[in-house]
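Novice: I'd like to ask some things about the structure below.
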Amino acid sequence: MRVLGLTGGMGMGKTTVAAFLSRAGFPVFDADATVRALQADHGKALPFIAQLVPESVSDGHLDRGALRRAVVQQPVLLRQLEKIIHPMVWAERTQFLRRHRQQGARWVVLDIPLLFEAGAWRLCDYIVVVSAPARIQAGRVALRRSITKAEARRLIARQMPDRQKRRRADRVIRTGGTVRQTIQQVQSLIRMMKQ
């Protein structure tokens, strides 16, 4: 079984590319969706988050606003939260890979925004970075989060720079053009994976 690592900064179009790959029949592990499930009502991570930030969890429900405020007031909490969440995501990813290896999958996709930062690139045989020009990325993030482009640029600046990710990629899918152009690039990738 071969593992494709799919990554890219926020607002780059990675989720769209992952959806195309899923529709083409490739199993996709979505790290963001896994985190959301762990933090959903009565999710596996909530008892541990409650120990760390008691005011953020009530009746099996995470109050994201309370958690965000606590992290702003005590930035060290972010690292502690990562120590809770990252091993749980790693365990889910390990199960995903084991299950699909046993099922005889030829390729699986690890859709992980922090692929390089978390060291998950080491699990991959082939890495695809989804990229768009900075102005388009900032516009997408601003629209999605209902914030200004300046605020979007500040959020983006906290991530690994796009140029660094592109340098480490086996293939770059550029999403700054038309949807048709993106689809053509993904179709080329799919053809390679199906050879």
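Novice: Suppose R0 equals 25 Å; then what is the FRET efficiency for PHE48 and ARG98 from their Cβ-Cβ distance, rounded to the nearest 0.05? It would help to have the intermediate numbers written out before the result.
Specialist: Numbers: r = 24 Å, r/R0 = 0.95.
According to the calculation, E is roughly 0.60.
Novice: So what does HIS100 come to for accessible area, using a 1.4 Å probe and Å² rounded to 10?
Specialist: 30 Å²
Novice: Between ALA33 and GLN73, take the C-beta separation as r, use R0 = 35 Å, and let me know the FRET efficiency to the nearest 0.05.
Specialist: My answer for the efficiency is 0.80.
Novice: Would you mind getting me the FRET efficiency between SER188 and LEU123? Use the beta-carbon distance for r and R0 = 22 Å, nearest 0.05. The partial results should precede the final answer.
Specialist: Working: r = 23 Å, r/R0 = 1.07.
Efficiency for this residue pair is about 0.40.
Novice: Rolling a 1.4 angstrom probe over the protein heavy atoms, how many square angstrom per residue are accessible across region 104-146?
Specialist: Roughly 47 Å² per residue, with all protein chains present.
Novice: If you don't mind, there's one more thing I want to ask. Give me the percent of accessible area attributable to carbon and sulfur for the chain, probe 1.4 angstrom. Present the calculation step by step, with values, prior to reporting the outcome.
Specialist: On the way: 5780 of 11230 Å².
Carbon and sulfur: 51 percent of the exposed surface of the chain.
Novice: Another question about this same structure. Using every pair of alpha-carbon atoms in the chain, split the distances into 10 Å bins beginning at 0 and state the percent of pairs per bin, rounded to integers.
Specialist: Histogramming the chain at 10 Å steps yields 8, 31, 35, 21, 5, 0 percent.
Novice: Contour minus end-to-end for HIS61 and ALA40, with contour as 0.36 nm per residue of separation and end-to-end as the Cα-Cα distance? Please list the in-between numbers first.
Specialist: On the way: separation 21, 0.36 × 21 = 7.56 nm, distance 0.71 nm.
Residue separation times 0.36 nm, minus the Cα-Cα distance, leaves 6.9 nm.
Novice: In straight Cα distance, which lysines are under 18 Å from LYS44, not counting same-chain residues fewer than 8 positions off?
Specialist: Excluding near neighbours in sequence, the set is LYS83.
Novice: Give, rounded to the nearest 20 debye, the magnitude of the charge dipole that the chain has about its Cα centre when Lys and Arg contribute +1 at Cβ and Asp and Glu contribute -1 at Cβ. Provide the component values of the computation, followed by the final result.
Specialist: On the way: 34 positive and 14 negative charges, 190 e Å.
Taking the Cα centre of the chain as origin, the dipole is about 920 debye.
Novice: Determine the per residue accessible area of region 13-96 with all protein chains present and a 1.4 angstrom probe, expressed in square angstrom. Write out the running numbers ahead of the final one.
Specialist: Working: 4900 Å² over 84 residues.
With all protein chains present, region 13-96 gives 58 Å² per residue.
Novice: Just to be sure I understand the model, the point goes 7 Å from the Cα along the line to the Cβ. What's the resulting ALA134 to ARG163 distance in nm?
Specialist: According to this spin-label approximation, the distance is 0.9 nm.
The values are calculated or read from the model by the stated rules, or taken from the named source; none is laboratory data. A quick note: this is a predicted structure, and the numbers were derived from the prediction, not measured. Cβ atoms come from the backbone with ideal geometry, glycine included; neighbour counts cover every protein chain shown. Heavy atoms of the whole protein, side chains included, go into the accessibility calculation; ligands, DNA and RNA do not. Shrake-Rupley method; radii C 1.70, N 1.55, O 1.52, S 1.80 Å.
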